[in-house]
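Here's the structure we're looking at; comments come further down.
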Amino acid sequence: MPTRIIGILAFLGAVAACGGLPTSQDDGDPHYDVAIRWTSYGIPHVKAEDWGSLGYGFAYATATDGVCVFAREVAFARGTLGDDFGPTDESVASAVFHRAIITDDKLIAFDAALPADLRAYNAGFVAGYNRFLRDHDGDLPAACDDADWVRPINNADLGRMLIAFGIRYGIGAFAGNIVAAAPPGEPVVTLDPPAPDPEALSGRGIGSNAIAVGGAISASGSGILLGNPHYPWHGPARFHMIHTTIPGVVDVMGASLLSGTFVAIGFNADVAWTHTVSTAKRFTLFELELKPGNPMQYRYGESWRDIEPRTVQVGGQAHTVYMSHHGPILAGRVLTWTDEKAYAIRDAILDNVVALPTYQALQMAASVADVEDAISLGGIYFVNTIAVDRAGDAFYADISSTPNVDDAHLMRCGRSVEGLPPDFPVLDGADPSCEWPVDARSTIPGNMPADDMPRATSRLYFTNSNDSYWLSNPDRPLEGFPRIIGTEKTAQSLRTRSGLVYLDEQVAGGGKLTPDDLQSILYSHRHYGAELLLDDVLEVCEDAGDDLAEACSILARWDRTARVDSRGTQLWTEFWERARRLDDLYAIPFDAANPVHTPRGLNVDEDAVRANLIAALAAASQHLDAAGIEADAPGARCSSPNAVANISQFPVGRDGMGCSAISKPASRSARGIRRSNQATVTSRWLHGTRTATSTPVGS
């Protein structure tokens, strides 16, 4: 089995003294001892003698496979996009936001929370990345060779990057709104492209799917995990498969992100875990009551507090973000800063300092009980955790960074803002009792304690496809949790339902399940929406007339799958995007007692519904025609910014009916290191052979 191995011995920088901003320097004397071996599919295997050396090798391997992506993410988190890539409104807004929000105090707190071995890991990571830059000075990929923005990093940069990633889907989604906020009478900051209205971001998310099968229904008696995460093919959130080992301490394989510093989803000899984005809210707004005649002060209890301007320099220009003790002020079409009111936002992830210890514990877990203990440390940012172990236990939990706001608190302190969706939490910012309650059981003040969040262990199964915790197993629904985590007894997406239906079919087929059975769910590319509803649409087609004869014929011939060679998928996708919003659409409405199989059937007995369905199909056909896309061309046209031509079984698009972004293997950019085409480890993770389903390996 030919492979190419790099052995690295180094004497490089250590972490600066405690108490200040975390940095690295070249006057220390740690010894890094690590070997990196690349095998088939360009997968690096990093074997080290200690945590510092593991960080060193992890960084060197990551830079080898994606140095330009990583370096750009450093600039993003540092807040130098405007300086490094040109002062567009978008890059300047990003730079202003990150410089103003990720402060030195937050970086010091983040570093101070790390145990000694993770401090060593971070110091090693910094040294390994900087070693790579020195080794390949003048020989980087074309995308960043000789670029000024490819710079050595320090430990503070790692903290910035991890915080920036965590808040990207919370407060970070409102960066433009925060930068655009200005008190009445001040010039309004205009951005191009404009900052999105905060209310438009409610419910926007990214998708993934997961199935955990327990020993009671698996052929081996051990757990089987199907992880089907949907992340982009490019950029900092692109997956990077990697295997890391410290003999006798940790041996884990899985996926990091190209901008990441640790394995995020993966498996070891005893457990496998994956994540799906959860429905829990990561923030609340606070409505501020402003002092008459002074919109720069707000009432808090019986006193008035100042709104504090925080000015940062970007591109030689001064920019101001306005801060309350709740968090930054933001503005939008609905959330306007007037003489009477302003709105601040608080993020549950911004002060989460235990992400690295959480993932360190995850990687060393030996059972799903250990997985539960690990994520109960509180470091999971915005995802559900689905896991299995060798003993046959399956596990689901939404233990993630969430405001400690129960329904009673929200009822008492909630504020109604016209134009905001009902699930957009706004609290009274003038009443001190409306702060997020601090519970001693939580590692993050103001965050919900792990003990109060949904989780379950079973030897049967759990699934999640980005709906709430409620229906992780329909036979044992999880109920009674605060609605800031998610909804209960509400209609589930077609993506959620398809996973449950297809899994039930496998179980009902008799016999115990194998990894191949779970893979067949993924790779069959069945389209559940079409299976459920297409016959009703074809019935309506009888009234459609000659103008839609071709579209109806395409749908009639469609094989009802989402394969790249299927003809009709894209027409259905465009049709459903319009049809799903119609009033009185379903013949059988949602029934909480039968949530997997309702709603179903289109209400084709109603003339108005029939007419609206015909109009939706006509609009879909016209849309494809205007875009120059043949309605019966093979493959799928995806509307997601991260979408690609190939689509997975569980599309991440709207209501599970669109397309998904499928992560490609990381690029194998030549760095003077040759990879073998032959290896014992493949990119699929299956029991025993480590072959995208996974079970604990080492049978």
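Out of the residues in region 564-579 that are at pLDDT 95 or above and open to solvent by 60 Å² or more (accessible area, probe 1.4 Å), which is nearest to the chain's Cα centre (by Cα)?
In this case the residue turns out to be 578.
Can you find even one residue in region 219-229 that is open to solvent by less than 10 Å² (accessible area, probe 1.4 Å), part of a strand (DSSP E or B), in contact with a His (Cβ under 9 Å, 6 or more places away or on another chain) and modelled with pLDDT of 95 or more?
Residues of region 219-229 open to solvent by less than 10 Å² (accessible area, probe 1.4 Å): 223-226.
Still in the list and also part of a strand (DSSP E or B): 224-226.
Right, trim to in contact with a His (Cβ under 9 Å, 6 or more places away or on another chain) and you get 224.
Remaining after also requiring modelled with pLDDT of 95 or more: 224.
Yes: region 219-229 contains one or more residues that are open to solvent by less than 10 Å² (accessible area, probe 1.4 Å), part of a strand (DSSP E or B), in contact with a His (Cβ under 9 Å, 6 or more places away or on another chain) and modelled with pLDDT of 95 or more.
Which one of these does residue 350 not meet: (1) among the aliphatic types (A, V, I, L, M); (2) assigned to a loop (DSSP other than H, G, I, E, B); (3) open to solvent by 10 Å² or more (accessible area, probe 1.4 Å); (4) under 24 Å from residue 456 (Cβ atoms)?
(4)
Just to be sure I understand the filter: pairs with C-beta atoms under 8 Å, separated by 6 or more residues or on different chains, first member in region 311-323 and β-branched (Val, Ile, Thr), second member open to solvent by 40 Å² or more (accessible area, probe 1.4 Å) and outside any strand (DSSP E or B). Which pairs pass?
312/99; 314/83; 314/87; 314/99
How many residues, within region 114-149, are closer than 18 Å to residue 61 by Cβ, within 26 Å of the chain's Cα centre (by Cα) and of a type in the set (A, V, I, L, M)?
Count: 1.
Just give me the residues in region 31-62 being part of a helix (DSSP H, G or I), open to solvent by 10 Å² or more (accessible area, probe 1.4 Å) and under 14 Å from residue 250 (Cα atoms), in sequence order. Steps first, please.
At the first step, the residues of region 31-62 found to be part of a helix (DSSP H, G or I) are 40-42, 51-62.
In the following step, the residues that additionally are open to solvent by 10 Å² or more (accessible area, probe 1.4 Å) were identified as 40-41, 51, 60.
Result: 51, single match.
So which pairs qualify, if the first residue must be in region 360-375 and closer than 15 Å to residue 394 by Cβ, the second must be open to solvent by 50 Å² or more (accessible area, probe 1.4 Å) and in a helix (DSSP H, G or I), the Cβ gap must be under 8 Å, and the two must be at least 6 apart or on different chains?
Correct list of pairs: 365/373.
In region 443-463, how many residues are assigned to a loop (DSSP other than H, G, I, E, B) and under 27 Å from residue 228 (Cα atoms)? Don't jump to the end; show me each part of the working.
So the first thing to find is which residues in region 443-463 are assigned to a loop (DSSP other than H, G, I, E, B), and the list is 443-446, 448-449, 453-454, 459-460.
Filter once more, keeping what is under 27 Å from residue 228 (Cα atoms): 453-454, 459-460.
Total satisfying the criteria: 4.
State which residue is nearest to residue 373 (Cα to Cα) when the search covers only region 438-476 and only residues that are of a type in the set (Asp, Glu) and more than 21 Å from the chain's Cα centre (by Cα). Give the steps one after another, and end with the answer.
Of region 438-476, the ones of a type in the set (Asp, Glu) are 439, 451-452, 467, 475.
Next, only the ones that are more than 21 Å from the chain's Cα centre (by Cα) stay: 439, 451-452, 475.
Details: 439: 18, 451: 10, 452: 14, 475: 25 Å.
Within region 438-476, the match that is nearest to residue 373 (Cα to Cα) is 451.
With 484, 554 as the choices, which residue is under 30 Å from residue 412 (Cβ atoms) and among the aliphatic types (A, V, I, L, M)? Walk me through it before giving the result.
Details: 554 fails: under 30 Å from residue 412 (Cβ atoms).
The unique qualifying residue is 484.
From the list 440, 491, pick out the single residue that is part of a loop (DSSP other than H, G, I, E, B), at pLDDT 95 or above and crowded, with 17+ Cβ neighbours inside 10 Å. Full working, then the answer.
Values: 440 fails: crowded, with 17+ Cβ neighbours inside 10 Å.
Exactly one of 440, 491 is part of a loop (DSSP other than H, G, I, E, B), at pLDDT 95 or above and crowded, with 17+ Cβ neighbours inside 10 Å, namely 491.
Sort out which residues of region 363-418 are at positive phi and of a type in the set (Phe, Trp, Tyr), and write them in order of number. Walk me through how you get there before you give the answer.
Here is the first cut: in region 363-418, the ones at positive phi are 378, 392.
None - no residue of region 363-418 is at positive phi and of a type in the set (Phe, Trp, Tyr), so the list stays empty.
Restricting attention to region 136-178, and to residues there that are crowded, with 22+ Cβ neighbours inside 10 Å and among the aromatic types (Phe, Trp, Tyr), which single residue is farthest from residue 264 (Cα to Cα)?
Checked region 136-178; the qualifying residue farthest from residue 264 (Cα to Cα) is 174.
What single numbered condition from (1) crowded, with 24+ Cβ neighbours inside 10 Å; (2) in a strand (DSSP E or B) fails to hold for residue 256?
(1)
Please go through region 137-183 and give me each residue that is of a type in the set (Gly, Ala, Ser), assigned to a loop (DSSP other than H, G, I, E, B) and either touching a Pro at 6+ places or on another chain (Cβ under 7 Å) or within 27 Å of residue 348 (Cβ to Cβ) (or both), ordered by number. Steps first, please.
Within region 137-183, the subset of a type in the set (Gly, Ala, Ser) is 138, 142-143, 147, 156, 159, 164, 166, 170, 172-173, 175-176, 180-182.
Then drop every residue that is not assigned to a loop (DSSP other than H, G, I, E, B), which leaves 138, 142-143, 147, 170, 181-182.
170, 181, 182 - these are the residues of region 137-183 that are of a type in the set (Gly, Ala, Ser), assigned to a loop (DSSP other than H, G, I, E, B) and either touching a Pro at 6+ places or on another chain (Cβ under 7 Å) or within 27 Å of residue 348 (Cβ to Cβ) (or both).
Within region 279-327, considering only strands (runs of 3 or more DSSP E) that don't extend past its boundaries, which have at least 1 residues that are at pLDDT 95 or above and buried (at least 22 other Cβ atoms within 10 Å of the Cβ)? Even if it seems obvious, please write down each step before you answer.
Values: elements: 283-291, 294-300, 303-306, 308-314, 317-323.
Counting at least 1 such residues, we get 283-291, 294-300, 317-323.
Can you name the residue in region 401-437 that is within 30 Å of residue 373 (Cβ to Cβ) and open to solvent by 30 Å² or more (accessible area, probe 1.4 Å) and is also nearest to the chain's Cα centre (by Cα) among such residues? Explain how you work it out, then say what you get.
So in region 401-437, the residues within 30 Å of residue 373 (Cβ to Cβ) come out as 401-410, 425, 435-437.
Filter again for open to solvent by 30 Å² or more (accessible area, probe 1.4 Å), leaving 406-408, 410, 435, 437.
Working: 406: 24, 407: 26, 408: 29, 410: 26, 435: 27, 437: 26 Å.
Result: 406.
The values are calculated or read from the model by the stated rules, or taken from the named source; none is laboratory data. Bear in mind that the values here come from a model prediction, so they are computed numbers and not experimental data. Cβ coordinates were reconstructed from backbone atoms using ideal geometry, including for glycine residues, and neighbour counts include every protein chain displayed. Quick note on the areas: whole protein, heavy atoms, side chains included, nothing else; ligands and nucleic acids left out. Shrake-Rupley method; radii C 1.70, N 1.55, O 1.52, S 1.80 Å.
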